[in-house]
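**Student:** Quick one: structure below, then a few questions.
The values are calculated or read from the model by the stated rules, or taken from the named source; none is laboratory data. Computed from a predicted structure; not experimentally measured. Please note: Cβ atoms are built from the backbone with ideal geometry, for glycine as well, and neighbour counts cover all protein chains shown.
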Amino acid sequence: MNDSPKNMITYASSIWRKKINFRQVKIVTVEIKNDLALSLLHNLESMNILKVIENKIVPGKQKLSERFSGCLSNERTDELQKELTQMRNELERDI
């Protein structure tokens, strides 16, 4: 190939004319049952078939009271408690 400017422009324009195919990336979550499965996934990654993205271990089941502890301010908690007490008193009075 001759390195003259005319040939370089022709070569560059032929590259831009080629159709580019973009592959859609799909993300899936996999539960690993044993070390052999993880080893298999890493082997597939080394063959450029997939990419392993390791996430932190999912924590065990957590009680809702622990999960939402501290979400409300003390003032709002007191207001809600007063409203609940008032509703319960009204319910008892109507029965």
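**Student:** Would you mind stating whether Leu44 is surrounded by 10 or more Cβ atoms within 10 Å (Cβ to Cβ), modelled with pLDDT of 85 or more and in contact with a Leu (Cβ under 7 Å, 6 or more places away or on another chain)?
**Tutor:** yes
**Student:** While we're looking at this one, here's another question. Of all residues being of a type in the set (Lys, Arg) and in a loop (DSSP other than H, G, I, E, B) in segment 56-72, which is farthest from Val25 (Cα to Cα)? Just the residue, please.
**Tutor:** Lys63
**Student:** Additional query: Listed residues Glu90, Glu79, Glu75, Glu45; which is out of contact with any Pro (no Cβ under 9 Å at 6 or more places or on another chain) and closer than 30 Å to Lys26 by Cα?
**Tutor:** Exactly one residue qualifies, and that residue is Glu45.
**Student:** So Ile53 fits all but one of (1) exposed (fewer than 10 other Cβ atoms within 10 Å of the Cβ); (2) assigned to a helix (DSSP H, G or I); (3) modelled with pLDDT of 80 or more; what number is the exception?
**Tutor:** For Ile53, the failing item is (2).
**Student:** Any chance segment 17-28 includes a residue that's out of contact with any His (no Cβ under 7 Å at 6 or more places or on another chain), modelled with pLDDT under 85 and not in a loop (DSSP other than H, G, I, E, B)?
**Tutor:** Yes, the conditions are met somewhere in segment 17-28.
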